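Structure record follows, encoded as structure tokens.
The values are calculated or read from the model by the stated rules, or taken from the named source; none is laboratory data. Worth saying up front: this structure is predicted, and the values here are computed from it rather than measured. Counting neighbours? That spans all protein chains shown, and the Cβs are built from the backbone with ideal geometry, glycine included.
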Amino acid sequence: MRYLGIDFGLRNIGLSFAEGPLAEPLTQKQYQFEHQLLKFLQRLVQEKQINTIIIGLPEGKLTPQVKDFGQKLKSLTNLPIHYQDEAFSTQEAKAKLLQAQAPQKKRQQDHVAAATQILQSYLDDRPKA
């Protein structure tokens with residue numbers, strides 16, 4: 001199985017990838033228009049041969065936008081979409097990057113770190129076969 005983890009933001013999106021039990025950081029992408037982001041993700045899904053997409057689901061006012069985005073992505077890719085609670089994932093990712101004394105450039109990739117944490121949580125929560 002190949003998984004794509006997504007930390008959705010209104011201007012930035014963080015992406016992670018897993019082919020086994022460990023999630024890996026992939027990239028962070030800035031975007032202005034959702035349709036451009038969806039096309040980018042469609043190509044990425046094809047290139048990486050993704051089977052399942054995991055999207056971090058925040059609490060609060062962003063929840064409906066994330067679910068709407070997930071529905072559009074599902075329609076576009078015909079892949080199963082799963083939501084993973086992402087409460088505080090970006091803040092935790094930032095804290096971990098600071099604690100590790102990561103360089104400033106790496107700390108700006110907090111959405112990638114959050115996407116990796118979201119995907120890893122999903123993988124850890126799955127029953128082991």
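Restricting the range 40-71 to residues that are over 25 Å from Glu19 (Cβ atoms) and of a type in the set (Lys, Arg) leaves a set whose member that is modelled with the lowest pLDDT is Lys61. Looking across the range 97-129 at every residue that is under 25 Å from Val66 (Cα atoms) and not in a helix (DSSP H, G or I), the one that is modelled with the lowest pLDDT is identified as Gln108. The residue that is farthest from the chain's Cα centre (by Cα), among those in the range 4-28 that are closer than 18 Å to Leu79 by Cβ and surrounded by fewer than 21 Cβ atoms within 10 Å (Cβ to Cβ), is Glu19. For the range 12-26, the criterion of being within 16 Å of Thr116 (Cβ to Cβ), of a type in the set (Phe, Trp, Tyr) and not in a loop (DSSP other than H, G, I, E, B) is met by at least one residue. Summed over the range 29-54, residues that are in a strand (DSSP E or B) and crowded, with 20+ Cβ neighbours inside 10 Å total 2. Could you list, in sequence order, the residues of the range 55-81 that are touching a residue at least 24 places away in the same chain (Cβ under 8 Å), closer than 21 Å to Gln117 by Cα and among the β-branched types (Val, Ile, Thr)? Within the range 55-81, Ile55, Val66, Ile81 qualify.
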